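Throughout, read-outs are computed from the coordinates displayed, never taken from laboratory work. All of these numbers come straight from a predicted model, not from anything done at the bench. We place every Cβ from the backbone using ideal geometry, glycine too, and count neighbours over all the protein chains shown.
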Amino acid sequence: MSGVDLRYVASSGNIYNLRDGSLRTGADANFHDWAWEVIAVALQYGSRVSGFTRSPQEYEATLSLFGSEESKQKQLEALHDDFELDVRNLTPGRLYWNDYYIDCFARKSTTKPGENNVAVENTVSFYCPYPFWVKEESRSFNPRAGDTGEAFLDYPYDFPYDYYPGISGAETWVTGFTFKSDFRMIIYGPATNPRVQINGHVYQVFDILEASEYIVIDSKRGTVEKTTAAGQKVNIFDLRNKEESVFEQLPPGSLQISWDGQFGFDLTLYEERSEPRWEVHSERINSR
């Protein structure tokens, strides 16, 4: 795991670096294990495959704690408090491998002294209900009219990437993804019946957005929600365009994006893989 940024982010927001001087993950960690289950009909000879499915994934990792007896005890207790808080609140933590993350619960733990009693070894089983590693790619599209700078940057969502100025309501985004992806689209007011077209597919909501209001379309959750200027969240699922699904996954490769240029929006794509890529460089890892 040389050069890998590996960490656990608890639902409390506490971050544990699993590869620092006092807390290290053993080489036996199986974060790249995966298996598809076959859906098939038995034939006289062999079978006919009708599909594949995935069960929740479980990873086992041995965490070695180093330092004074007091520091090892304090770190282990803090880690386990967060593990148990996640479980009791039914709110998963996240394992990060560079820029990829997977939601998980620490459902099982065994602790024992390490070799020569130098370290404490804690073997943890991480249960992942949704068995895919996710990497987020985000991009912002500014309104065409007026200043494309400060006014748009003051919207209530921030992402760790450079804003990209919209040009006449048409952009090309080469994602580099291999598969279709879910997405989150945040449309900022003012706007009337905002409509975005991506590779010929229309994503539209029939509503009026005032300044400082925004709509969030989440394809994975199947939700359309509006946040008013007062901060109230309103379910506007029934105001979505019903002729073309606003939850249609985005295709891989090049995205041709067009809109009337009169409003701004952010688009976040979710690349999902059975295992995280073996990247050694990480620009930034987002905490929850």
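For the pairs 74/108; 74/112; 108/233; 135/226, note any where the Cα-Cα span goes beyond 27 Å. Over 27 Å apart, Cα to Cα: 108/233. Count Lys and Arg as plus one, Asp and Glu as minus one, and take only other residues whose Cβ is under 14 Å from that of residue 181; the net charge is then -1. When each of the peptides 87-95, 213-221 is scored by the mean number of other C-beta atoms lying within 10 Å of its residues, the order from highest to lowest reads 213-221, 87-95. Helix 69-88 axis versus longest C-alpha principal axis of the chain: approximately 50°, rounded to the nearest ten. The stretch between residue 49 and residue 275 holds 79.0 nm of extra length on full extension. This uses 0.36 nm per residue minus the Cα-Cα distance.
Gain in length, residue 180 to residue 42, computed as 0.36 nm per residue apart minus the alpha-carbon separation, to one decimal in nm?
Difference between extended and current length: 46.6 nm.
What shape does the chain have by the C-alpha gyration tensor, where a ≥ b ≥ c are the square roots of the eigenvalues, rounded means a/c under 1.5, and otherwise prolate means a/b greater than b/c and oblate the rest? Taking the square roots of the gyration eigenvalues as a ≥ b ≥ c, the chain is prolate. Protection proxy ranking of 194-204, 258-268, by the mean of other Cβ atoms within 10 Å over each peptide's residues and highest first, is 258-268, 194-204. If the segment from residue 27 to residue 232 were pulled out straight at 0.36 nm per residue, it would be longer than the present Cα-Cα gap by 69.0 nm.
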